[in-house]
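Before any comments, here is the structure.
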Amino acid sequence: MNYDFNHIKTEDTNDLSYMWIPLATIVDGVRHGAYGIDVREYIARGFESVASQMTLLNAAVARVNSKIETVENQLTEVVAGRTIDGEVKKARVDVEGNVYKDLGTRINQMELSSVTSDIKVGTSEFDKTTLWIENIDDPDSEIEFVDVGHDENDPGMPVGIETIQAKDIELDD
């Protein structure tokens with residue numbers, strides 16, 4: 001076996017400021033270790049460190065490749081005309097995460113589940129405490145009213161005003 005007893009005379013041109021700090025510590029130990037057993041341990045730790053970082057890098061590359069593949073598939077579908085714009089695709093998902101087969105189905109479901117009403121609630125100048133409600137006799141109204149049996153001569157209850165429990169009225173903020 002031939003040994004090279006010449007020392008390395010060229011300067012190290014690597015920029016070590018970009019090196020991972022734990023690996024830089026290991027490299028320093030290899031360079032300055034006084035005993036062979038310590039130098040061998042630094043070399044082993046260096047290989048282990050590089051292997052660990054390579055595993056993490058490979059996992060990151062796999063995640064990026066998966067995302068690229070997903071985007072490529074979405075673009076292929078859009079170009080093929082099977083789906084439309086990504087914004088519309090997102091609109092098919094409601095706030096609870098339910099996915100509808102198309103946007104029309106979702107809009108129809110929203111319209112079928114919504115309720116419209118012409119009921120208006122307010123106060124009037126009847127003793128500054130009277131509640132009035134317009135269109136309460138709407139058959140689709142969720143508010144029920146009770147006729148308290150008043151007449152035109154009752155000064156405490158104006159004609160045409162019905163009484164409801166205020167606790168039963170749910171107002172949106």
Q. Across region 45-63, what is the number of residues that are basic (Lys, Arg) and surrounded by 11 or more Cβ atoms within 10 Å (Cβ to Cβ)?
A. 1
Q.
If I ask for residues that are of a type in the set (Val, Ile, Thr) and surrounded by 13 or more Cβ atoms within 10 Å (Cβ to Cβ), which ones from region 1-44 would you list?
A. 25, 26, 27, 30, 39, 43
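Just so you know, all these numbers are worked out from the coordinates, no wet-lab data involved. The structure presented is a predicted model; accordingly, all values stated were derived computationally and were not measured. Here the Cβ is made from the backbone with ideal geometry for all residues, glycine too, and neighbour counts use every protein chain on show.
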